[in-house]
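Colleague: Here it is: the structure, laid out below.
The values are calculated or read from the model by the stated rules, or taken from the named source; none is laboratory data. Quick caveat, the model's predicted, so the values are computed rather than measured. Cβ atoms come from the backbone with ideal geometry, glycine included; neighbour counts cover every protein chain shown.
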Amino acid sequence: MDKLWGGRFRKATDKRVDDFNSSIRFDKRMYRQDIKGSIAHANMLGKQGIIPKEDADAIVSELKNILNDIENGDVKFMIDAEDIHMNIEKILTDRIGDAGKRLHTGRSRNDQVALDIRMYLMDETADIEEMLVETMSTLVELAKRNVDTIMPGYTHLQKAQPVTFAHHCMAYYEMFKRDYARLKECRKRTNVMPLGSGALAGTTYMLDREYVADMLGFEGVTMNSLDGVSDRDFVIELASCLSIIMMHLSRFSEELILWSSNEFSFVEMDDAYSTGSSIMPQKKNPDVAELIRGKTGRVYGNLMSLLTMMKGIPLAYNKDMQEDKEPIFDSIDTVKLCLPVFCDMIRTMKVNVDNMRKGAKGGFTNATDAADYLVKKGLPFRDAHAVIGNMVFYCIENNKAIEDLSMEEMKSFSDIIEDDIYEAVSLETCVNDRNVIGGPAKKVTEKAIKKAEKFINSIDIAED
Ligand code: ARG
């Protein structure tokens, strides 16, 4: 096949180089953005009188046909046409001849690919934002059902203080809310139109860049042609946002894996979201959660690939940058795969309320509250800490919980202890007295849930 750039060559490209150079295998997924961009560019060329109006019209209408044909599966892309940009241009010129050859006036593949990838990432980011909203509302639903489900909170994976499962879910709500905000921010920075940067140094044609930006729904245009073709910050930024999303999914997955173990038995995955063993008949494995945790690795890897790929390349475009696509596409695909399955998994899992409560009862999760009880009776906190430390030691020796001690035993540690200590160290008091803003108390959690619901609903209305 003749190359679109074949004029200065006297020899055909080596077959192996054709294969090596070609990106059509993976960049064909940007066909819609490429065609949309070309339609805007052609319209602008016609409007500015840079190419004849009839040619612009012919280009635009044939590009629409090509789009249709691709969507119907009637177009075969060619490896030796290298990438999606030249494939489409080649099909266009094969179909409409000279008019088609005028499309690339005042444009380079360097600004064309920069445009396509920006548009593609913005479309995908909007999809992922929607999935995050779904994730947030799933967590809020789960929280709503569990405001009274007391469970142990941990530090160092050692039982620390009692919380509720609702409070735990709402912690993840906060994380995904930040992820959502980060994606929106990232989309803002991606939302600038690079066409007109040319190969690297702009162009001598009187392009109307703002008109193209408007037609494509961009908020502005890039302000430096060198940067316009060689900036991939937005790709890296998105890869980073996606990594953070995976990190959050992975942390919850890890907890759910632990909690599914016989030792914890805090949750049980629905049969539809777990798998068995080919040899051990009793097994029910939390594979979905494990796979989400595992897939986090490839998303982190993609971020590292992108950072490393970019770090040594001089301005402006270099072919290295073709390597931006597979990693970011893979990160997008992975996150889009994980978020919905994660939602379904947590929505359907069984929460073992009794076991969570039992867990909270053991391990002296009310020791801080016992110390606080003494403080409220006038003891300095450090002294109270020591008294209760001794009490805990005694309990361990005698295999008792704090609330199991008789009044006589209690008094042997401090004579200011009275009957009301039993109430003060009950799990309900421990949770519900923690009523600062952001605390696990039922009333506070219910407020947080209301606020979250309001936020989620406001997104539905205001969503652009
Ligand atoms: N396929 C290329 C990429 O993804 C398009 C730009 C190629 N430009 C060039 N001069 N080789 O980066």
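Colleague: Consider Met122 against the criteria (1) touching a residue at least 60 places away in the same chain (Cβ under 8 Å); (2) within 11 Å of the ligand (Cβ to nearest atom): it satisfies all of them except one. Which criterion is unmet?
Modeller: If we test Met122 against (1) touching a residue at least 60 places away in the same chain (Cβ under 8 Å); (2) within 11 Å of the ligand (Cβ to nearest atom), just (2) comes out false.
One line per residue, one yes/no per condition, for (1) in a helix (DSSP H, G or I); (2) among the charged types (D, E, K, R); (3) within 15 Å of Leu92 (Cβ to Cβ):
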| position | (1), (2), (3) |
| --- | --- |
| Met30 | yes, no, no |
| Lys36 | yes, yes, yes |
| Asn43 | yes, no, yes |
| Ala56 | yes, no, yes |
| Val60 | yes, no, yes |
| Lys64 | yes, yes, yes |
| Asp80 | yes, yes, no |
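Colleague: Could you please find all residues in region 341-368 being in contact (Cβ under 8 Å) with a residue 40 or more places away in the chain and under 20 Å from Asn399 (Cα atoms)?
Modeller: Asn355, Arg357, Gly359, Ala360, Lys361, Gly362, Gly363, Phe364, Thr365, Asn366, Thr368
Colleague: Those residues that are touching a residue at least 24 places away in the same chain (Cβ under 8 Å), closer than 16 Å to Ile346 by Cα and either surrounded by 15 or more Cβ atoms within 10 Å (Cβ to Cβ) or among the charged types (D, E, K, R) (or both), I need them from region 257-283; list them, please.
Modeller: Hits for region 257-283 are Ile257, Ser260, Ser265, Phe266, Val267, Glu268, Met269, Asp270, Tyr273.
Colleague: Then there is this: Check Lys159, Lys144, Lys101 and return the single one that is away from the ligand (no atom under 16 Å from the Cβ), free of Cβ contacts under 8 Å to residues at least 24 places away in the same chain and of a type in the set (Lys, Arg).
Modeller: Lys101
Colleague: When residues of region 132-168 are filtered for being in a helix (DSSP H, G or I) and either hydroxyl-bearing (Ser, Thr, Tyr) or under 20 Å from Val335 (Cβ atoms) (or both), how many remain?
Modeller: 8
Colleague: So for region 284-296 (the condition being exposed (fewer than 13 other Cβ atoms within 10 Å of the Cβ) and either away from the ligand (no atom under 16 Å from the Cβ) or touching a residue at least 60 places away in the same chain (Cβ under 8 Å) (or both)), does at least one residue qualify?
Modeller: So far as region 284-296 goes, yes, one or more of its residues are exposed (fewer than 13 other Cβ atoms within 10 Å of the Cβ) and either away from the ligand (no atom under 16 Å from the Cβ) or touching a residue at least 60 places away in the same chain (Cβ under 8 Å) (or both).
Colleague: Just give me the residues in region 147-159 being crowded, with 21+ Cβ neighbours inside 10 Å and out of contact with any Ser or Thr (no Cβ under 6 Å at 6 or more places or on another chain), in sequence order.
Modeller: Met151
Colleague: Of these, Phe9, Phe20, Phe26, which one is modelled with pLDDT under 95 and within 37 Å of the chain's Cα centre (by Cα)?
Modeller: Phe20
Colleague: Look at region 322-344 and say how many of its residues are over 30 Å from Ala143 (Cβ atoms), in contact with a helix residue (DSSP H, G or I) (Cβ under 7 Å, 6 or more places away or on another chain) and either of a type in the set (Phe, Trp, Tyr) or within 12 Å of the ligand (Cβ to nearest atom) (or both).
Modeller: 6
Colleague: Quick check on region 81-98: of everything there that is charged (D, E, K, R) and closer than 27 Å to Phe20 by Cα, which residue is farthest from the ligand (Cβ to nearest atom)?
Modeller: Residue satisfying both the conditions and the ranking: Asp94.
Colleague: Something else now. Spot the failing condition for Met310; the list is (1) surrounded by 15 or more Cβ atoms within 10 Å (Cβ to Cβ); (2) within 12 Å of the ligand (Cβ to nearest atom), and only one is missed.
Modeller: (2)
Colleague: Also, I was wondering about something else. Is region 33-52 home to any residue that is within 16 Å of the ligand (Cβ to nearest atom), at pLDDT below 95, of a type in the set (Asp, Glu) and at negative phi? Steps first, please.
Modeller: Narrowing region 33-52 to residues within 16 Å of the ligand (Cβ to nearest atom): 33-35, 37-38, 41.
Then keep just the ones that are at pLDDT below 95; that gives none.
Looking through region 33-52, none of the residues is within 16 Å of the ligand (Cβ to nearest atom), at pLDDT below 95, of a type in the set (Asp, Glu) and at negative phi.
Colleague: Name every residue in region 193-210 that is surrounded by 15 or more Cβ atoms within 10 Å (Cβ to Cβ) and assigned to a helix (DSSP H, G or I), in order of residue number.
Modeller: Arg209
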